[in-house]
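Some notes on the structure that comes next.
The values are calculated or read from the model by the stated rules, or taken from the named source; none is laboratory data. Bear in mind that the values here come from a model prediction, so they are computed numbers and not experimental data. Ideal geometry is used to build each Cβ from the backbone, glycine not excepted, and the neighbour counts take in all protein chains shown. Note: areas computed on protein heavy atoms with side chains; ligands, DNA, RNA excluded. Shrake-Rupley method; radii C 1.70, N 1.55, O 1.52, S 1.80 Å.
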Amino acid sequence: MNDYLRIILPLIPVGLAIAGGIALYCTYPLMAMKPIATGPVPSTPVLALRSRRGALYLIDTGAGWLLIDAGTNAEEVSADLAGLGVDPAQVNWILLTHSDYDHVASLPLFPNAVIHMGEAELALVASGKKKLPEGIDPNAIRLVRDGEKLMFDNTQVECVAAPGHTDGSTAYLVDNTYLFTGDALRWHTLRSGEGKMSVHPYKKGNKAETLASLEKLKGLAGKYMVFTSHYGVIPKN
C-alpha cells in the first residue's frame, strides 16, 4: 500500500495542474466575451439588449422594429424589451446572423416578425445540426443571399455572406453605416491598447471559409461601425 501511495501522491499535483489548464482553456474564451450593455448605443439609432454573454440589436424603422438576432434567454430579453419600452408585437422583421441557440432562443417572443436567414443556414436546420425553438416554422423563414438588398420601410439592409462559423452565417450592413457581424469575428484589445480582429473561438466550422470571411469583414470594418454579438461595438476608423 505504501509503495502504491509513493507512486500516486506525486501524480496528484500533476493531475490537478492538467485539469486546471483544461478548465482555463475552456473558460478563457467565455471570460473574454464582453457584450455591450442593454440600452441605446450612443450616437446611433440602435438599441442593444444584452442576453447572457451575447447581444441583440434593435432599430426603429418608422414602421416597426427591425431586430438583429434573438438572444439566449427569452425571459431576460422580454424584461429588457419592457425596460426599453419596446412591444415585441411591434417587431416586424428579424435578421438572424446564424442559427446557433444563443441567437435564436427568443424568437417565439415576436409573433408578428418575418424571420430572415442566410440560405445556406436552412440546410443545417433541416439536417438537425441546428434547431429552432418550438413553434418556429423553418418553411416560413425568408432566405437571403450574398449582396441582396432589403428595404424595411426607410431602412436599407445589405446582406453580406460570412460563412465559416456556420455554413450560412450572414452579416448585415444597415443604411450603409452599421455592420452587424454576429459570430463571424472576435474583437479584443492588445496590451498596446490596439484593437485586433480574429476568429471567434467557438464552433469555427470550415477553417478556410472562416478566415476568408474574417478578411472580408476586416475590409469593411474601417468603413462602418461594427456591432458584434459577444465583443461589443467597434467604432469606425
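Every condition in (1) open to solvent by less than 30 Å² (accessible area, probe 1.4 Å); (2) at pLDDT 95 or above; (3) of a type in the set (Val, Ile, Thr); (4) under 20 Å from the mean Cα position of the chain (by Cα) holds for Thr155 except the one numbered (4).
In region 101-115 there is no residue that is within 26 Å of Asp167 (Cα to Cα) and at pLDDT below 90. Looking at region 59-81, is at least one residue open to solvent by 20 Å² or more (accessible area, probe 1.4 Å), on the phi < 0 side of the Ramachandran plot, without any contact (Cβ under 8 Å) to a residue 24 or more places away in the chain and of a type outside the set (D, E, K, R)? Looking for residues that are open to solvent by 20 Å² or more (accessible area, probe 1.4 Å), on the phi < 0 side of the Ramachandran plot, without any contact (Cβ under 8 Å) to a residue 24 or more places away in the chain and of a type outside the set (D, E, K, R), one finds at least one in region 59-81, hence yes. Out of the residues in region 108-148 that are in contact with a Ser or Thr (Cβ under 6 Å, 6 or more places away or on another chain) and of a type in the set (D, E, K, R), which is surrounded by the fewest Cβ atoms within 10 Å (Cβ to Cβ)? The extreme case among them is Lys130. The residues of region 141-175 that are in contact with a strand residue (DSSP E or B) (Cβ under 7 Å, 6 or more places away or on another chain) and closer than 18 Å to Pro45 by Cβ, listed by number, are Leu150, Phe152, Thr155, Gln156, Val157, Glu158, Tyr172, Leu173, Val174, Asp175.
Can you name the residue in region 82-95 that is aliphatic (A, V, I, L, M) and free of Cβ contacts under 8 Å to residues at least 24 places away in the same chain and, of all such residues, is nearest to Glu134 (Cα to Cα)? Filtering region 82-95 for residues that are aliphatic (A, V, I, L, M) and free of Cβ contacts under 8 Å to residues at least 24 places away in the same chain, the one nearest to Glu134 (Cα to Cα) comes out as Ala89. The set of residues in region 186-213 being modelled with pLDDT of 85 or more and within 15 Å of the chain's Cα centre (by Cα) consists of Thr210, Ser213. Which of the residues spanning region 91-107 are open to solvent by less than 10 Å² (accessible area, probe 1.4 Å), under 12 Å from the mean Cα position of the chain (by Cα) and not hydroxyl-bearing (Ser, Thr, Tyr)? Of everything in region 91-107, those that are open to solvent by less than 10 Å² (accessible area, probe 1.4 Å), under 12 Å from the mean Cα position of the chain (by Cα) and not hydroxyl-bearing (Ser, Thr, Tyr) turn out to be Leu95, Leu96, His98, Asp100, His103, Val104.
To keep it simple, each residue is scored yes or no on (1) touching a Phe, Trp or Tyr at 6+ places or on another chain (Cβ under 7 Å); (2) among the hydroxyl-bearing types (Ser, Thr, Tyr); (3) in a helix (DSSP H, G or I).
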{"site": "Ile94", "(1), (2), (3)": "yes, no, no"}
{"site": "His98", "(1), (2), (3)": "no, no, no"}
{"site": "Asp102", "(1), (2), (3)": "no, no, yes"}
{"site": "Asn112", "(1), (2), (3)": "no, no, no"}
{"site": "Ile115", "(1), (2), (3)": "no, no, no"}
{"site": "Ala126", "(1), (2), (3)": "no, no, yes"}
{"site": "Lys129", "(1), (2), (3)": "no, no, no"}
{"site": "Leu132", "(1), (2), (3)": "no, no, no"}
{"site": "Asp146", "(1), (2), (3)": "no, no, no"}
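Among the residues examined, Ile68 qualifies as closer than 14 Å to Phe110 by Cβ and either modelled with pLDDT under 95 or among the β-branched types (Val, Ile, Thr) (or both).
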